[in-house]
Every structure is written in structure tokens, then in C-alpha cells.
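We did not get these values from a lab; they are worked out from the coordinates using the rules stated. Because the structure is predicted, anything quoted here is derived from the model rather than measured. Here Cβ is always computed from backbone atoms with ideal geometry, including for glycine, and neighbour counts include all displayed protein chains.
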Ligand code: AMP
Ligand code: FES
Ligand code: ZN
């Protein structure tokens, strides 16, 4: 599962370049990667420059690192967050020298999968010389994500896992005194979720789909998504071009979920309407978001009675969720 340097040899077949004749748009050398949405082919070196410039522009456009001192980068081991930690490392070195990066990882305790995630994260962060903090759910909290299989969340395990990851990445970033929490959410993820939210008319949730979620509570760290304008493919190519390890296996707890079906649907639409994802995201950001933000009130956060972290109600969604684990444990004994 840990991809090795061997990968360079089969780059071409996975890079979308058809045949041997494609030339790099920028330097004219033989191209290694083809970007359908931009209708251009690039060599490895020019692709790296193109990618890093694009992430830099996204960061600047949204003021993601304005006055930032310490950025916690959430790394799962998947291609997006591996690309994220590498590109941020490069940009901090070149353009944001005042910023300090720390990597954080939540070990979800999924047998045969989490060990691989952790190995990739440790290798990538070790090679970059980055400080890495791991929160091991089994060791620190006494449960792993598979334990939700014994609760009513069995059928919505990804949702439960999402709540756990959001809670612990925020808490780790807060405890590390980071003023930003960077995640690897990309354009494809964002459009897939937005598509569903617009269909449902979930206005409050649509408003939360932003490149930056500024903190509204001292214990809530501002979340930034520097890869929000980069596609799945671009992140994958960056990992290949930089010859980084990444996890390729899918989580064993996720079946043919609604999310995967939606992914295929968006791919089909993109096939018929080239540039659909970019257009949809831009329309959301420029046309809808500013109007919706005026009408939807920002929820007021209190502190959870159980754990003291930010919460919408008396008890936060994480504490409600994990109390179900305890109930399942009690009913089994
Ligand atoms: P996902 O929710 O799995 O699509 O992941 C979205 C982003 O959340 C990733 O790109 C990472 O930045 C972060 N993330 C997901 N899983 C973990 C994890 N186990 N540890 C740390 N960060 C994670
Ligand atoms: Fe969260 Fe599999 S990684 S359910
Ligand atoms: Zn709580």
C-alpha cells in the first residue's frame, strides 16, 4: 500500500497523457501530465510550478495565512493531505517564513488500515522534517471507529467518523496553540457536497462551505482549505511528480456509499459539461455565498458541559456521539 519510488515508471499511464507526442505547454519538453479541464499537458517540473502557484494564489485570494503564526496541517495519509503538507512546506519555505507548520494525525483504530495511514504520515512528515503529533483513539480514548458498528451509527459510520475527526483535529490544533487548521479538502469533494446540499436546500450548511471558516470561539481554530480550487487529479499528479508516498487503499468500513455514487454522477456531468466543477464552485462562491451569508445568522457557540469544547447546544455532537458507545458497551456487559 505504501507507494514506492517504483511509481515513476508507470506515471505515464496514470497521468492522462495519451501517446508519447504530447509536449509541455510551458517549456516544450515531453509532457507527463494532462489536465482535461485546462486542456493542457505539462512536464513534471512545470506541473510542480503550476500547482504551487495555484495553491499560493488560493491562499492569498482568501487571506488564509494573513497574520498566521502556527498552522496545524491535518494529514490522513491520503493523496490530498500528503499533497497539502508538501505544498505548504514548500510555500512556507519560500513565501511565508514567519509561519511555523506542525502536522497532526488522528489514528482511527481501524485494523489493517489505520496502521498504513500512520506509516505514510510518519514517512512523509519525517522526510520533510516536520513535527508530527498523533492522537491514537484506541490508546487515548479507549475506542476506535469500528466500535461504532455496535451503535445506531452503524449505517452512518462515515458521518460518525467525520464528527470524531473534526473534533480531535480542532482540539489538537487548539492544544498546540495553532491559529490555523489546514485540511486537504479539494474541489471535487466540495462540489460533490455542494451538489447534494443545493438539492436538499440545506441553506445553513451551504453557508458553511467556505474556503476559510474564521473562528467564532476561542477554542475553535480557524479552518482553511488551501486545496479547495485543486482537483482530485491535480493533487494526485502533485504526489506523483514529487514522488511522495500515499495511501491508496480505501477505508474497509465504507461500502458503495451514496458519496461514491454521487462522485460518479459528478464525473458523468463533467464529461458532458467540461469545467462543470469549476463553474459550479465559482458560482457558489461569487453569486450565492455572499447573498446567503447576509440572511443566515452565524450560530452562537457555547461550551460543552461535558468536555468544555465549543458546542451549539449544552452537550457537543462529539460527546453525544461517544455517549452512544458507552451505552452500547453497558448493554453488552
Ligand atoms: P475526509 O474527511 O476523509 O475527506 O478528509 C478531509 C481532510 O481531513 C483530509 O484531507 C485531511 O486534511 C483531514 N483528515 C482526514 N482524516 C484525518 C486523520 N485521520 N487525521 C488527520 N487529518 C485527517
Ligand atoms: Fe472514516 Fe473510514 S475513515 S469511516
Ligand atoms: Zn463535548
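Counting 0.36 nm for each residue step from residue 303 to residue 175 and taking away their Cα separation leaves a gain of 44.5 nm. In terms of its C-alpha gyration tensor, segment 49-299 comes out rounded, because the ratio a/c of the largest to the smallest axis stays below 1.5. Once each part is reduced to its C-alpha centroid, what is the distance from segment 308-326 to segment 212-290 in angstrom? Segment 308-326 and segment 212-290 have Cα centres separated by 27 Å. Modelled spin labels at residue 287 and residue 263, positioned 7 Å past Cα toward Cβ, are 2.8 nm from each other. Build a GNM of the chain with springs between Cα atoms under 10 Å apart, and of 229, 116, 248 the one that fluctuates most is 248. Annotation: the antiparallel percentage among DSSP beta bridges lying fully within segment 49-299 is about 10. The GNM of the chain, with springs linking C-alpha atoms under 10 angstrom apart, assigns the highest mean-square fluctuation among 263, 79, 61 to 61. Dividing the summed -39500 (n - 2.57) terms of all DSSP H runs of n ≥ 4 by the residue count of the chain sets its mean residue ellipticity at 222 nm at -14000 deg cm²/dmol.
Between the alpha-carbon centres of segment 143-202 and segment 118-140 there is a gap of 19 Å. Among 225, 67, the order by Cβ neighbours within 10 angstrom, fewest to most, reads 67, 225. At an R0 of 41 angstrom, the distance between the Cβ atoms of residue 139 and residue 57 translates into a FRET efficiency of 0.50.
The packing ranking of peptides 299-309, 104-114, 68-78, highest mean first, is 68-78, 104-114, 299-309, where packing means the average number of other beta carbon atoms within 10 angstrom of each residue.
Highest mean packing comes first when the peptides 29-41, 233-245 are listed by Cβ atoms within 10 Å, giving 233-245, 29-41.
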